[in-house]
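The structure appears right after this line, and notes come after that.
The values are calculated or read from the model by the stated rules, or taken from the named source; none is laboratory data. Quick caveat, the model's predicted, so the values are computed rather than measured. Using ideal geometry, Cβ is built from the backbone for each residue, glycine included, and neighbour counts are taken over all protein chains shown. For accessibility, only protein heavy atoms count, side chains too; no ligands or nucleic acids. Shrake-Rupley method; radii C 1.70, N 1.55, O 1.52, S 1.80 Å.
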Amino acid sequence: MIRISGLSFRYRGGSEEALKEIDLTVRRGDFLGIIGSSGAGKTTLLHAINGIVPHHFRGEFYGSVEVDGSDTVENRPEDLARKVGSVRQDFESQMVSSVVEDEILFGLENFSVPRDDIEHRIADALDKTGIANLRERNIATLSGGQKQKVAIAAIIALMPEILILDEPTGELDPKSSRQIFRLLKELNEKHGITVVVVEQKIMLLCEFADSLAVMDRGRIILEGPVREVLKSSREMESAGVNCPRVVTLADRLREERLYDGPAPVSISEAEAMVRSITG
Amino acid sequence: MIGGFLDYSPGDSFLHRLNPLAKIFLSLMLCVSCFVTDSLYFCLFMILLDLAMAAWAGISGRAMAMLEALVKLSALLFLIQVFFIREGNVILLLPMDIRVTDKGALFSLLMALRLIGATMPLALMLSITRMNDLSNVLVGTLGIPYKYAFSLTTAIRFIPVFTAAMAGIIEAQTARGVSFDTRNIFTKIGLIFPLCVPLLVTSVRKIEGAAISAELRGFNLRKRESGYKNYPIRAADIGVFLFAVTVAVLGVIVP
Amino acid sequence: MILFDNVSYSAGGTKIIKGVSFEIRRGDFTALIGANGAGKSTLARLCNGLLKPTSGTVRTGGFDTASAKTSRIAKFTGFLFQDPDRQICKNSVRDEIRFSLECVMEDRDEIEMRCERAIREFSFDGEREPFTMSRGERQRLVLASVLAAEPELLILDEPTTGLDYRECMYIMDCISAINRKGATVLMISHDMEIVQDFAKDAMVLNDGMLLAHGRTKEIIRDRELLARASLLPPQITDLALVLGEGYESVVTVGDMVSAVKERSGSKR
Ligand SMILES: Nc1ncnc2c1ncn2[C@@H]1O[C@H](COP(=O)(O)OP(=O)(O)OP(=O)(O)O)[C@@H](O)[C@H]1O
Ligand SMILES: Nc1ncnc2c1ncn2[C@@H]1O[C@H](COP(=O)(O)OP(=O)(O)OP(=O)(O)O)[C@@H](O)[C@H]1O
Ligand SMILES: [Mg+2]
Ligand SMILES: [Mg+2]
């Protein structure tokens, strides 16, 4: 679905390359989480997938990015936009309307979604992100987290084949963060939507994503199924990323020779781990 | 609150529910009638009418704030004008041959009231009309050529983005200790001035960001038929059209 | 330092803060937690006078915010907005930090010294244009310029958004250090682990009302209270609560290891 090979990119005026020889393949129906230190190039990588790089941000671009078989450099961003829905990190400036409903309607209108579909798509998107009560509100009066939910709802409503999200839960409370990831999982499993999400909350990635990529200073230093990647906690630390505390717990118990199984990624798995030790 | 005036204020009043075209037409006619009239009383009446309509739409608070700001501005205008008109009977003679005449005072008052009467309906209309609806009727119903409508609607869409950015930045600088909250208007202008360029740069960046996001959601694929909502013209709208024309005519004939 | 007496605040015909009273003493480190839209940012703005209460009184550093100027309160208050881009208004990292300092102090040499120190400590490139930096880098810039002034009162609205774990810890250590020197900190955060690790006290806000104000370690174990405010306990605490009896005092991974060790030992 997404094939990136030998991708390097340096922003015009940038002193260093923001991306260095990235190779990454995301298959149809994958749920990939990306984590890494700030300034590692996560946003730039997502921009390379939706075509903002190199179409809007100019610079030196080497290598190739293919989305669904066609090269992003040769495609116009608006054609790419039909396939790829992007929730941007800077959601405050993503808003183009003054009323929540219009913000959701905007993309639906542009892509000429059939009239009969529109109402339930809007209602559905608002409902699933938990902001049905904000439908008529002026966006300028919303709280930070409420705006972020609007930004997510506006993209979810489009039901694109590929969803790329840049720190979608940055300003969300713990419950809403989980709700959004559960929603992503549902879209991924039920509708086969390919999900690529950049996120700093490692616990959420471990619980919901299938595979994990860790970025540091422009490179992908680790990539693979979540549990595989978690085994390299040293390397993760060097990239400024922590493991979930239950994984650290498992490591410590292993050191104490109390435990010898796989690392848990959720509370219930951790409970099972502890009970298996204490009986 | 700098950003607040033009923002949409949600509601479900009769005025909110009017066809956007009727709203535009009414506010334009109210505005025009204030310009063409020569009657002080007519102008005053129109301002009262604006306030009454604002109350009807449930935005009295905002209308009063707007009125206050406009009164300050037109007071300034009044002072500038009143000293320059020298015809008529002198009613006040100040040193250095500065004089205020009856004719000058009346004329300046009229100008001041006109300014208020002409600005209020437009600003109020923007408060109860969604930008989206406004741009949709421009393209859909009025049939403004797509190319022009495209630029216009883009500009209209970004007004809230721009005003919100501006208000936010001023708030942030106040929290940092810049005395934007001073009562002295000159000090305030002095403080805003050095921030102007960076403010502009910041706002342009924000708008650039919004433009990229708009493109990612297919803005360039938009066609005239893309609008989802229909805007039927109902009896109430026709009533409003007639009312608007009447007001404009009154503006011309009232002595 | 901050005193709320039956404060309410309304906007657009909606009551957002509903009769809130509390006191934050000089030197406290308090976390303000609650669901999205609970009114946390509004409450923060009430603290430094950006918003004035509709009823009730707010006193900050001895000033009644209803009559004192925000710019006066800002002289001793560092305020971090939820959206970092609001504050940034200069064309280089150095100018941005310097401008923050100029707003609150006079001494030129002191300003230069602090500015250079902040650039060094946060390893910035002083000439960098802020708007070409990544979101996390901008967040750090804004934090650096707020912290450089070492204000008596710090009001931080989600300071760690967009930062990776290592940077979170670095920033939180900086804030802690300033707090130990005597500054009062009010921090809004959604990250329960950070709240647990750094804030001595916590306030839970829900739908404009204060649900609880007390020691963090007690609040964070009150599952029912947290659930009412759309919050979840931090992971290890959550695990301890699930495990139940015998794990009441577990807070850190270390505690958990010893608790497990003890119980497995006693079994053998
Ligand atoms: N003009 C208005 N009309 C109605 N409700 C409003 C208005 N202005 C703000 N609100 C509401 O006030 C509440 C408080 O917002 P605030 O920004 O303080 O929330 P918050 O706790 O900081 O949330 P977040 O965690 O998402 O940042 C929100 O629910 C918001 O929708
Ligand atoms: N427009 C730009 N011009 C020059 N350099 C840029 C530009 N945008 C980003 N960079 C630089 O490229 C690098 C990668 O930035 P990017 O935004 O991809 O980081 P990120 O991993 O998303 O970080 P964060 O977690 O902070 O969002 C950073 O060092 C950043 O400073
Ligand atoms: Mg980023
Ligand atoms: Mg907030």
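Here, P(r) means the percent of Cα pairs in each 10 Å bin from 0 to the largest distance; for the protein assembly as shown it is 2, 12, 21, 23, 20, 12, 6, 2, 1, 0, 0, 0. Shielding of peptide A:241-248 by partners, expressed as the average count of other chain Cβ atoms within 10 Å per residue Cβ, is 5.
Pairs with C-alpha atoms separated by more than 30 Å, drawn from the list A:LYS149/A:LYS231; B:LYS72/B:LYS206; C:LYS217/C:LYS261, are A:LYS149/A:LYS231; B:LYS72/B:LYS206.
A Gaussian network model of chain C, with springs between Cα atoms under 10 Å, assigns the largest mean-square fluctuation among C:GLY208, C:GLY34, C:GLY13 to C:GLY13.
Heavy atoms only, 1.4 Å probe, whole protein assembly: order A:ASP216, C:ASP197 by accessible area, highest first.
On the way: A:ASP216 15, C:ASP197 75 Å².
Ranking A:ASP216, C:ASP197 by accessible area, largest first, yields C:ASP197, A:ASP216.
Round to a whole number: what % of the accessible area of the protein assembly as shown belongs to carbon and sulfur, probe 1.4 Å? List each step's numbers first, then the result.
Details: 18760 of 33770 Å².
Here it works out to 56 percent.
Based on DSSP H runs of at least 4 residues, each adding -39500 (n - 2.57), what is the mean residue ellipticity at 222 nm of the protein assembly as shown after dividing by all its residues, to the nearest 500 deg cm²/dmol?
On the way: 32 runs with 406 residues, N = 802.
Mean residue ellipticity, 222 nm, calculated: -16000 deg cm²/dmol.
Taking Cα pairs under 8 Å and at least six residues apart, what relative contact order does chain A come out at, in percent?
Numbers: 483 pairs, mean separation 63.1, N = 279.
Answer for chain A is 23 percent.
Please state the charge dipole magnitude for the protein assembly as shown, taken about the Cα centre, from unit charges on C-beta atoms (+1 on K and R, -1 on D and E), reported in debye and rounded to the nearest 20.
Details: 93 positive and 100 negative charges, 252 e Å.
So the magnitude is around 1200 debye.
When each of the peptides C:104-111, B:247-254, B:235-242 is scored by the mean number of other C-beta atoms lying within 10 Å of its residues, the order from highest to lowest reads B:247-254, B:235-242, C:104-111. For the range C:63-152, the alpha-carbon coordinates run over 40, 30, 19 Å along the three principal axes, in decreasing order.
Can you tell me the 0 to 90 degree angle between the C-alpha axis of helix A:100-110 and the longest principal axis of chain A, rounded to 10? That helix lies at roughly 70 degrees to the long axis.
For chain A, just say rounded, prolate or oblate: build the C-alpha gyration tensor, square-root its eigenvalues into a ≥ b ≥ c, call rounded for a/c under 1.5, and beyond that prolate if a/b exceeds b/c, oblate if not.
Working: a/c = 2.00, a/b = 1.28, b/c = 1.57.
Oblate shape, in that a/c is at least 1.5 and b/c is the bigger or equal ratio.
In square angstrom and rounded to 100, what buried accessible area do you get between chains B and A, total over both, with the probe at 1.4 Å?
Values: alone 15390 and 13950 Å², together 26200 Å².
About 3100 Å² of accessible surface is lost on pairing.
Charge tally around A:ILE267: other residues with Cβ under 10 Å, Lys/Arg +1 each, Asp/Glu -1 each, net -4. Any idea how far the Cα center of the range C:180-251 sits from the one of the range B:47-80, in Å? If you average the Cα positions of each part, the centres end up 49 Å apart. Would you kindly give the portion of the calculated P(r) for the range A:17-159 that falls above 27 Å, as a percent of all Cα pairs? The proportion of pairs with Cα distances above 27 Å equals 30 percent.
The value given for chain C is a Kirkwood hydrodynamic radius of 19.8 Å, derived from the mean inverse Cα-Cα separation.
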